[in-house]
Amino acid sequence: MVVTWRKPKPVGQRPPLMRMDGVDKVFPGGIRALHDMTLQVNEGDFVSLLGPSGCGKSTALRLIAGLMQPTRGEIRWEGTAEIGVVFQEPTLMPWATVEENVYLPFRLKHRRFVQVAEDIRLALRLVGLEGFARAYPRELSGGMKMRVSIARAMVTRPKLILMDEPFAALDEITRHKLNKDLLELKEKISSTVIFVTHSVFESVFLSDRIVVMAARPGRVFRELAVPAPYPRGEEFRTSADYAALCRTASDTLHHAMGESA
Amino acid sequence: MTVTDTTEPLIDAGEQARLTARRRERVLRWLLPMLTVIAALVLWDRIVVWNAIPHYILPGPGLVARTLVQDAPILFPALLVTLQITLMALAVAVIGGVGLAVLFSLSRWTEMCFYPFAVILQVTPVVAIAPLIFIYVENRLVGLLLCAWIVAFFPILSNTSLGLRSTDPNLRDLYTIYGASRWQRLRYLQLPTALPYFLGGLRIAGGLSLIGAVVAEYVAGTGGIGSGLAFRILEAGYRLNIPRMFAALALIALTGIVIFAALSLISHLALRKWHESAVRRTE
Ligand SMILES: Nc1ncnc2c1ncn2[C@@H]1O[C@H](COP(=O)(O)OP(=O)(O)O)[C@@H](O)[C@H]1O
Ligand SMILES: [Mg+2]
């Protein structure tokens, strides 16, 4: 299989992609959803935002996606912002087949289906849904719908993929499988990912950096590096390193929650 | 997609019972209503015969059927006239209802300005407006259409409006992120979302446009373009031709049923691939 996406450089040599600088978001009524958030994302990064609910993770993603403007501070991109998004729900159009759903980003860019049919086929093959192009979402399981959602987010090969607790509603087994597949997928297409989760294990398994956040006001509490090499598989998940990293992340998270509570 | 099991199918007693129940229900769903209708007709017939009710007070079902055949040269042209107005009114109601709904969804200001008028038209009984319409509108066909349209367009407008507003917020965000134009949002997101709502409104509007057409005919009387079923009922009433009144009534009821069935079929065909209301459970 020939996949011609960008290959990532080692951490430390990656060119910058996007930077949030002292970003505040205040909602009407004075709710400070985010306070002074600074985050640097480089090409090829897999960054997790880890924190209790209400600490502004979704708000941060929505700001990065350009769905709303920061109250203070700025978000700077190297070049143009090209993003793909995966929400907690698969968010598929029930009246459209799997391939039509994956076609959506192209359709909105006025590309003809035949011009991009190959990209769509490849995206579906990468998420393991080759045989389901003509199926309707209601015929698929929760995990499969999520895969379609992921295929749609990556089919245009965006610079950055934003994922907001994409696997939170799935069962443990499906979730593990999807975590593993997501890493393989990321290896293949070398995209940059910001992944929101409130699961310590998920964040350690997936990311090379974990941004631990605290609530009231939502803010970055600490940034942790996960120095384990990719590809990561079942050996990593059962290793002592992984356990130690989870312990650190978990302690940091508790610390963050204790401080804000 | 499906795994076919080649071994002997094993079914426990509970599942077997459920299967039987489902099969029985499939048959009864058709059989029961037919039996009750037949029973009602027989009862009607017996009451007329046993009480020796004269046919100019209450004709039996047999006489009504015979009248339907005998008076066919009068009744069927009338049916065509009524049907024509009904279908034209329904078509205009679809165009007007969907058009207004789309306009309202494109511009909140338009909606705020004109929605009250739509409600006023809806809540005012058409029999009350119809005489005025026939005073102001010269053309009788246009007048009839207008009456039927006033009755029929509102369910389409309000249902379609609701549908256009019921898009998934996450999908809305997705469209924003991909820089969708207003037109693309309407075409690829709002209209498909609104389709089941619209079809629900359409089924109501089908019956209402028949009612509108009949009521308008009553008000308009005859003249101009041939006479519809309502006029035939009035006329038969003046002549105390009760069997013909019943025959015409039966035709109107039948027409209503056929319209409803046809619209339900259209709705089913349009939604059967994806909408929960139309997909058959794969059990
Ligand atoms: N549109 C909004 N209007 C007002 N308050 C909001 C809005 N969106 C989020 N918030 C508030 O901002 C805070 C952070 O929310 P969110 O970013 O969704 O947290 P998380 O995703 O980490 O659970 C919460 O207190 C939430 O109630
Ligand atoms: Mg959230």
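The values are calculated or read from the model by the stated rules, or taken from the named source; none is laboratory data. Every value quoted in this text rests on a predicted model; they were computed, and no experiment measured them. Positions of Cβ are backbone-derived with ideal geometry, glycine not excepted, and every protein chain shown enters the neighbour counts. The accessibility values were calculated without ligands, DNA or RNA, using every heavy atom of the protein model including side chains. Shrake-Rupley method; radii C 1.70, N 1.55, O 1.52, S 1.80 Å.
Assorted remarks:
- Going through (1) out of contact with any Asp or Glu (no Cβ under 8 Å at 6 or more places or on another chain); (2) open to solvent by 20 Å² or more (accessible area, probe 1.4 Å); (3) closer than 22 Å to A:Glu184 by Cα one by one, A:Leu50 falls short only on (2).
- Residue check for A:Arg62: closer than 20 Å to B:Gly179 by Cα, within 14 Å of ligand 1 (Cβ to nearest atom) and among the charged types (D, E, K, R): yes
- Test: residue in the range A:170-191 that is among the acidic types (Asp, Glu) and either on the phi > 0 side of the Ramachandran plot or within 16 Å of ligand 1 (Cβ to nearest atom) (or both): no
- Qualifying residue in the range B:47-56 (condition: in a helix (DSSP H, G or I), within 24 Å of B:Phe260 (Cα to Cα) and open to solvent by 60 Å² or more (accessible area, probe 1.4 Å)): no
- Selection count where residues are in contact with a strand residue (DSSP E or B) (Cβ under 9 Å, 6 or more places away or on another chain) and at negative phi, scope the range A:79-96: 8
- Listed by first and then second residue, the pairs with beta-carbon distance under 8 Å, at least 6 apart or on different chains, first residue in the range B:235-258 and basic (Lys, Arg), second in a loop (DSSP other than H, G, I, E, B), are B:Arg244/B:Asp71.
- Where A:Asp24 falls short, out of the listed (1) more than 22 Å from the chain's Cα centre (by Cα); (2) part of a strand (DSSP E or B); (3) within 15 Å of ligand 1 (Cβ to nearest atom): (1)
- Among the numbered conditions (1) within 16 Å of ligand 1 (Cβ to nearest atom); (2) open to solvent by less than 10 Å² (accessible area, probe 1.4 Å); (3) farther than 17 Å from B:Asn170 by Cβ, the only one that A:Pro166 does not meet is (3).
- Restricting attention to the range A:194-210, the residues that are assigned to a strand (DSSP E or B), open to solvent by less than 10 Å² (accessible area, probe 1.4 Å) and more than 12 Å from ligand 1 (Cβ to nearest atom) total 3.
- Residue among A:Arg76, A:Arg72 that alone is more than 16 Å from ligand 2 (Cβ to nearest atom), in contact with a strand residue (DSSP E or B) (Cβ under 9 Å, 6 or more places away or on another chain) and over 18 Å from B:Ile177 (Cα atoms): A:Arg72
- Number of the exception - B:Gln184 against (1) facing chain A (nearest Cβ under 8 Å); (2) under 25 Å from B:Val151 (Cα atoms): (2)
- Being among the basic types (Lys, Arg), touching a residue at least 40 places away in the same chain (Cβ under 8 Å) and open to solvent by 20 Å² or more (accessible area, probe 1.4 Å) holds for only one residue in A:Arg72, A:Arg111, A:Arg107, and it is A:Arg72.
- Among the numbered conditions (1) within 14 Å of chain B (Cβ to nearest Cβ); (2) crowded, with 20+ Cβ neighbours inside 10 Å; (3) not basic (Lys, Arg), the only one that A:Ser141 does not meet is (2).
- Selection within the range A:228-261 - surrounded by fewer than 13 Cβ atoms within 10 Å (Cβ to Cβ) and aromatic (Phe, Trp, Tyr): none
- Subset of the range A:172-193 (residues that are in contact with an Asp or Glu (Cβ under 8 Å, 6 or more places away or on another chain) and open to solvent by less than 10 Å² (accessible area, probe 1.4 Å)): A:Asn179, A:Thr192, A:Val193
- Flag: A:Leu185 does not match the condition of being within 14 Å of another protein chain (Cβ to nearest Cβ), more than 16 Å from ligand 2 (Cβ to nearest atom), in a helix (DSSP H, G or I) and touching a Leu at 6+ places or on another chain (Cβ under 8 Å).
- Any hit, the range B:160-172, residues being of a type outside the set (S, T, N, Q), open to solvent by 30 Å² or more (accessible area, probe 1.4 Å), under 27 Å from the mean Cα position of the chain (by Cα) and away from chain A (no Cβ under 14 Å): yes
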